[in-house]
Amino acid sequence: MKARREFRNRRDIEVAVLDALVDRHEEGMTVFELRAAVDADIDTLEDALAALKSEELIVVEESQQRVLIHPDDRVVPDPGEAVKEDASLIDRLRKRIGL
């Protein structure tokens, strides 16, 4: 599942984090799980999480054993609400080869 369209006009890493969190919005994710899901180094991930937290798009839940990150409810699409990919074939190819 992908984050709502109005939250997708961000840096690629931030969108990837939101998408990963939306996929597991009920249970949340640890920083290590997020790092594996978005395939980013820890510094890049930390910057993305800081930006998302400052805009209140993520919620950090701390317990005695672990820290879980959840997307804010407004980021999660309603059931049945599909988020279409806006990128054209050329845009997807450019992204894939890193241009």
Please report, ordered by residue number, every helix of the chain (full DSSP H runs) that is 27 Å or longer along its axis going by C-alpha atoms and whose mean Kyte-Doolittle hydropathy reaches 0.0. none
Lys and Arg at +1, Asp and Glu at -1: add these up for the other residues within a Cβ distance under 12 Å of residue 68 and post the number. -3
Points 7 angstrom from Cα along the Cβ direction at residue 12 and residue 46: gap in nanometres? 2.2
One quarter of the C-alpha convex hull surface, i.e. the mean projected area of segment 5-97 in nm², amounts to 6.7
Two-site FRET efficiency, residue 73 against residue 33, from Cβ-Cβ distance with R₀ of 25 Å, rounded to 0.05: 0.80
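A short reminder: the numbers here are calculations on the coordinates, not readings from a lab. Treat the numbers as computed from the prediction; the structure is a model and nothing was measured. Positions of Cβ are backbone-derived with ideal geometry, glycine not excepted, and every protein chain shown enters the neighbour counts.
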